[in-house]
Amino acid sequence: MTKQPEKYDDPIYVADPEKEKQAKRLHFMVSIIRLLGIAILMLGIAIALGRLTNIPAAVGYVLIILGLAQTWVMPFVMVRTFVKQQVAEEAEKDAADEKIL
């Protein structure tokens, strides 16, 4: 005897297609930023270790720092900006709805 799952009174969540597109674009951009950051990081390591001639090691160290920042910091900044924008749009929409009522 299997028990039937309970039916909920809550409506099923239906995502906004425009917000889905924006989220997919953000995910793609974050992925590209991280991949480019890793490429810059690897180039910086190669320069710092002296694998590439005629380029000072200090340039390599700077590239390592930039690559790490691009890989770890930039995605957080991008996502935080996206979330703040979404919250502001929702607040604006709610304020407009309250004015109508």
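Relative to the longest principal axis of the chain, what angle (0 to 90°, nearest 10) does the C-alpha long axis of helix 57-100 take? With both axes taken from Cα atoms, the answer is about 20 degrees.
The stretch between VAL73 and HIS27 holds 15.1 nm of extra length on full extension. This uses 0.36 nm per residue minus the Cα-Cα distance.
Rounded to two decimals, what is Rg over Rh for region 21-100 when you use alpha-carbon atoms and the Kirkwood radius?
Working: Rg = 19.4 Å, Rh = 14.8 Å.
Rounded to two decimals, Rg over Rh is 1.31.
Relative to the dominant Cα principal axis of the chain, helix 17-48 is inclined by about 20°.
Where a number appears in this text, it was derived from the coordinates with a stated rule and is not lab data. These numbers were taken from a predicted model, which means no experiment stands behind them.
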